[in-house]
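J.: Starting off with a structure, shown below.
The values are calculated or read from the model by the stated rules, or taken from the named source; none is laboratory data. Note that the structure is a prediction, hence the values are computed from the model and not measured. Positions of Cβ are backbone-derived with ideal geometry, glycine not excepted, and every protein chain shown enters the neighbour counts. Side chains included, ligands, DNA and RNA excluded: accessible areas come from the protein's heavy atoms. Shrake-Rupley method; radii C 1.70, N 1.55, O 1.52, S 1.80 Å.
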Amino acid sequence: MKVAHVCLSNYYMDDRAYQENELVEEHIRQGHEVLVIASTQIFTTDRRREFVEPGHYRCKQGIEVIRLPYHPWVPHPVAKSLRPHKGVYQLLKEFAPDSILFHGMCGWELVTVSRYKKAHPQVRFYVDTHTDFINSARGPVSKWGLHYLYYRTIVHWCLPWIDKILYISSLTGKFAREFYGIPDDKLEFYPLGGHPVEDDEYRALRESTRKDLGLSDEQVLFVQSGKQSASKKLLDTLNAFTGNPDPRFRLVLVGSLLEDIRDQAQTLIDSDDRVYFWGWQTPVELRALLCGADVYLQPGSQSATMQTSLCCRCVPVLEDIEGHGIYTENNGWRVNNEQQLAAVLADVSSGAVDLRAMAAESEKLARQRLDYAVLARRILD
């Protein structure tokens, strides 16, 4: 089949492990012809927005990517919010997709793709949404100007031609349902996913990672990853971890330290030789690390790496927010603060919990609900 991934309302970056990358690569692995239509706006690893050159290229995975600039008739500062692009309809007409996934439902080109669907009713047309009140619509201009008057209006114009709007969490579903007014029959839960690691590979990666770190089977490896800001609660992690003297514990931090916590975090990291800061890792390197880990820490906010950690059989410790319950039912914890995180570490240290049994539950959850091979096939139905 021919599958078009339209990434004009989000930020498509090559060689990352975000949902759009994973689904595109899974469609390639399954033998489909794939086109990515993307904007020129990207996020750097330290969360700065930058613009790359428009153009047409194939990335190293063989994926065809066309990057479009904003429409020349719209001033650039305005276009960054309205997101109009020139030439989308023509690209779809030339590619003739069987299925379209529009990543992020906030932008003008949803109208263009809906127009294409209206002219080609046999095409499957899905829209995903990652938008909730945690990451969007936080100020009055954004909430009432952009999201309510502009984006919401566009979505309602396009609803008759959209087959399903796929929401990644209960919070995004709630936002779509209550703020955008999207009816339930148009909504479907579609979680961020991962690739469950098979037994032989898991054992090999776990053994090599732990050998490189000098860890015995009795030692416990914790991992926290991502762009670490105050909202990620890395300081809670570091305070709880350094406050527990268990010599079997190790903590590896992956990603970047943002300015609002950098100095405090670095001081705590330097104070404990059981803590390692590795900076950014490739998806392959991160996967190997997570297979070697026992516990994945995400005490603040949300991250796609959480699903990857479950596919690598980690026991998760997540922020106690709506939507995280399905990921921690029998296999992890939800915490609200440093004290609760410290209590989890104390339970692990005392042997009050069976991490191996919890890891088996994480694997079960990943295979049943998070496998990108299954999620990618959904877009073709």
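J.: Which one of 343, 265 is touching a residue at least 24 places away in the same chain (Cβ under 8 Å) and hydrophobic (A, V, I, L, M, F, W, C)?
T.: On the way: 343 fails: touching a residue at least 24 places away in the same chain (Cβ under 8 Å).
That would be 265, the only listed residue that is touching a residue at least 24 places away in the same chain (Cβ under 8 Å) and hydrophobic (A, V, I, L, M, F, W, C).
J.: Pick from region 313-337 the residues that are touching a Lys or Arg at 6+ places or on another chain (Cβ under 8 Å) and acidic (Asp, Glu): which of them is nearest to residue 245 (Cα to Cα)?
T.: 319
J.: Within region 53-93, take every residue that is among the charged types (D, E, K, R) and not in a helix (DSSP H, G or I) and give me the one that is least open to solvent (accessible area, probe 1.4 Å).
T.: First pass over region 53-93, keeping only residues among the charged types (D, E, K, R): 53, 58, 60, 64, 67, 80, 83, 86, 93.
Filter again for not in a helix (DSSP H, G or I), leaving 53, 58, 60, 64, 67, 83, 86.
Numbers: 53: 150, 58: 154, 60: 170, 64: 36, 67: 14, 83: 37, 86: 131 Å².
Of everything passing the filter in region 53-93, 67 is least open to solvent (accessible area, probe 1.4 Å).
J.: Out of region 150-175, which residues are under 21 Å from residue 375 (Cα atoms) and either open to solvent by less than 10 Å² (accessible area, probe 1.4 Å) or of a type in the set (Val, Ile, Thr) (or both)?
T.: 162, 165, 166, 168, 172, 173
J.: Could you list, in sequence order, the residues of region 163-192 that are part of a loop (DSSP other than H, G, I, E, B), of a type outside the set (Gly, Ala, Ser) and farther than 19 Å from residue 376 by Cβ? Can you show your working first?
T.: The first filter runs over region 163-192 and keeps only residues part of a loop (DSSP other than H, G, I, E, B), leaving 163, 168-169, 180-183, 190-192.
From what's left, of a type outside the set (Gly, Ala, Ser): 163, 168, 180, 182-183, 190-192.
180, 182, 183 - these are the residues of region 163-192 that are part of a loop (DSSP other than H, G, I, E, B), of a type outside the set (Gly, Ala, Ser) and farther than 19 Å from residue 376 by Cβ.
J.: Within region 320-331, work out how many residues are open to solvent by less than 20 Å² (accessible area, probe 1.4 Å) and under 16 Å from residue 352 (Cβ atoms).
T.: Within region 320-331, residues that are open to solvent by less than 20 Å² (accessible area, probe 1.4 Å) and under 16 Å from residue 352 (Cβ atoms) number 1.
J.: A further question on this structure: Just checking, which of 218, 259, 207, 285 is within 23 Å of residue 333 (Cα to Cα) and either free of Cβ contacts under 8 Å to residues at least 60 places away in the same chain or of a type in the set (Asp, Glu) (or both)?
T.: 218
J.: Another question, if that's okay. Which residues, counting only those in region 5-27, are open to solvent by 10 Å² or more (accessible area, probe 1.4 Å), on the phi < 0 side of the Ramachandran plot and assigned to a loop (DSSP other than H, G, I, E, B)?
T.: Just the residues of region 5-27 that are open to solvent by 10 Å² or more (accessible area, probe 1.4 Å), to begin with: 9-11, 13-18, 20, 22, 25-26.
From what's left, on the phi < 0 side of the Ramachandran plot: 9-11, 13-14, 16-18, 20, 22, 25-26.
9, 10, 11, 13, 14, 16, 17, 18, listed by residue number.
J.: Within the bounds of region 306-318, is there any residue that is at positive phi and in contact with a Cys (Cβ under 8 Å, 6 or more places away or on another chain)? Walk me through it before giving the result.
T.: Step one: filter region 306-318 for residues at positive phi, giving 313.
Those left that are additionally in contact with a Cys (Cβ under 8 Å, 6 or more places away or on another chain): 313.
Yes.
J.: How about region 347-356: which of its residues are of a type in the set (A, V, I, L, M, F, W, C) and open to solvent by less than 50 Å² (accessible area, probe 1.4 Å)? Before the answer, list the steps.
T.: First pass over region 347-356, keeping only residues of a type in the set (A, V, I, L, M, F, W, C): 348, 352-353, 355.
Within region 347-356, 348, 353, 355 meet the criteria.
J.: In region 28-51, which residue that is part of a loop (DSSP other than H, G, I, E, B), touching a strand residue (DSSP E or B) at 6+ places or on another chain (Cβ under 7 Å) and of a type outside the set (Ser, Thr, Tyr) is surrounded by the most Cβ atoms within 10 Å (Cβ to Cβ)? Before the answer, list the steps.
T.: Applying the first criterion (part of a loop (DSSP other than H, G, I, E, B)) to region 28-51 yields 30-32, 40, 44-48.
If we keep only those that are touching a strand residue (DSSP E or B) at 6+ places or on another chain (Cβ under 7 Å) as well, we get 32, 40, 44-47.
Add one more test, that the residue is of a type outside the set (Ser, Thr, Tyr), and what stays is 32, 46-47.
Working: 32: 18, 46: 12, 47: 10.
That would be 32.
J.: Given the condition open to solvent by 30 Å² or more (accessible area, probe 1.4 Å), farther than 15 Å from residue 6 by Cβ and of a type in the set (Lys, Arg), answer yes or no: does some residue in region 102-125 qualify?
T.: Yes, some residue in region 102-125 is open to solvent by 30 Å² or more (accessible area, probe 1.4 Å), farther than 15 Å from residue 6 by Cβ and of a type in the set (Lys, Arg).
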